[in-house]
Amino acid sequence: MSSTAPLLEVIALSAEDAERAQEGGADRLELVAEMAADGLSPSGDTVRAVLAATDLPVRVMVRAENSFAAGAFDRLRAGVAELIDAGAREFVFGFLTEESEVDVDACRVLLKEIDGRPWTFHRAVDRARDPFAACDVLAGLGCDTVLAAGSPHGVGSGLSVLQRLVRRTTGPELLVGGGLRAQQVHLLRAGGVRGFHVGSAVRRGGWDAPVDPAAVREWAELVKG
């Protein structure tokens, strides 16, 4: 399902990133920690600092380890409670079972904690046995956004899947990210994609460098132009 308004979501690791992403014209932030582990939950202090630094919507990662398995439910609950206490009001999470299907039980544990707040199911969907069936399950759980590359190997390998996902007329909005390249945006936009997600692409020096406002501006123009 695609919305009419284009959206550029930028990964932020800090308050500085948040300020720079907003300066460049980002529409929303995904706040994470430890990109070396593909993104884990930030600390409560980081959440507070970021929310104080920007008025953009901020979706906060809920992930305790570099895995798509849920792990201990009590740990998940405690992590979400800490993030909510720090001010988080939008979230990102996603868990799969050993059979590579959406872990509905784990998602429901978190859904009870976030109490109706909006959430993105992240790139775990790219490793689901059937991403289309997974989106049907997520629609039933009230998920409003699915972040996908169409393949575990990135957007370049997942274009055909993304083109099928965006043609869905019901269920979560599609947010495309994961090795996304500027030259792919035109094709994706032509196919109906309106949501784009970038991280390292807006950092001139890799993950150790802060977000570059000029790079965000280039992407914003590309996504919305």
Item to complete: Determine, yes or no, whether G178 is surrounded by 20 or more Cβ atoms within 10 Å (Cβ to Cβ), outside any helix (DSSP H, G or I), of a type outside the set (V, I, T) and touching a helix residue (DSSP H, G or I) at 6+ places or on another chain (Cβ under 8 Å).
Response: yes
Discussion item. Looking at the range 1-30 only, could you name the residues that are surrounded by 20 or more Cβ atoms within 10 Å (Cβ to Cβ), touching a helix residue (DSSP H, G or I) at 6+ places or on another chain (Cβ under 6 Å) and assigned to a helix (DSSP H, G or I)?
Written reply: A18, R20, A21, G24
Discussion item. Restricting to the range 74-104, count the residues that are touching a helix residue (DSSP H, G or I) at 6+ places or on another chain (Cβ under 8 Å) and either of a type outside the set (S, T, Y) or modelled with pLDDT under 95 (or both).
Written reply: 19
Worksheet item: In the range 31-47, which residues are part of a loop (DSSP other than H, G, I, E, B) and under 29 Å from G192 (Cβ atoms)?
Response: V32, D38, G39
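Taking into account only those residues within the range 132-147 that are assigned to a helix (DSSP H, G or I) and not aliphatic (A, V, I, L, M), which is nearest to the chain's Cα centre (by Cα)? So that I can check it myself, show each step before the final result.
Going through the range 132-147, the residues assigned to a helix (DSSP H, G or I) turn out to be 132-141.
Adding the requirement that they be not aliphatic (A, V, I, L, M) leaves 132, 135-136, 140.
Details: F132: 18, C135: 15, D136: 18, G140: 19 Å.
Among them, the one singled out is C135.
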Item to complete: Specify which of the listed residues (E218, E173) is within 15 Å of the chain's Cα centre (by Cα), open to solvent by 30 Å² or more (accessible area, probe 1.4 Å), under 19 Å from A26 (Cβ atoms) and acidic (D, E).
Response: E173
Practice prompt. Could you tell me which residue of the range 129-161 is farthest from E9 (Cα to Cα), considering only residues that are in contact with a strand residue (DSSP E or B) (Cβ under 6 Å, 6 or more places away or on another chain) and of a type in the set (A, V, I, L, M)?
Written response: V137
Worksheet item: Restricting the first residue to the range 182-203 and requiring it to be under 16 Å from V146 (Cα atoms) and open to solvent by less than 40 Å² (accessible area, probe 1.4 Å), which pairs with a second residue that is small (G, A, S) and at pLDDT below 95 meet a Cβ separation below 9 Å and a spacing of at least six or different chains?
Response: G192/S2; V193/S2; G195/S2; G195/S3
Worksheet item: So which residues in the range 81-131 are of a type outside the set (K, R), closer than 22 Å to S157 by Cβ, in a helix (DSSP H, G or I) and open to solvent by 40 Å² or more (accessible area, probe 1.4 Å)?
Response: none
Worksheet item: What do you reckon, is A52 within 28 Å of G206 (Cα to Cα), in a helix (DSSP H, G or I) and more than 17 Å from the chain's Cα centre (by Cα)?
Response: yes
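The values are calculated or read from the model by the stated rules, or taken from the named source; none is laboratory data. Quantities reported herein were computed from a predicted structural model and do not represent experimental measurements. Counting neighbours? That spans all protein chains shown, and the Cβs are built from the backbone with ideal geometry, glycine included. Heavy atoms of the whole protein, side chains included, go into the accessibility calculation; ligands, DNA and RNA do not. Shrake-Rupley method; radii C 1.70, N 1.55, O 1.52, S 1.80 Å.
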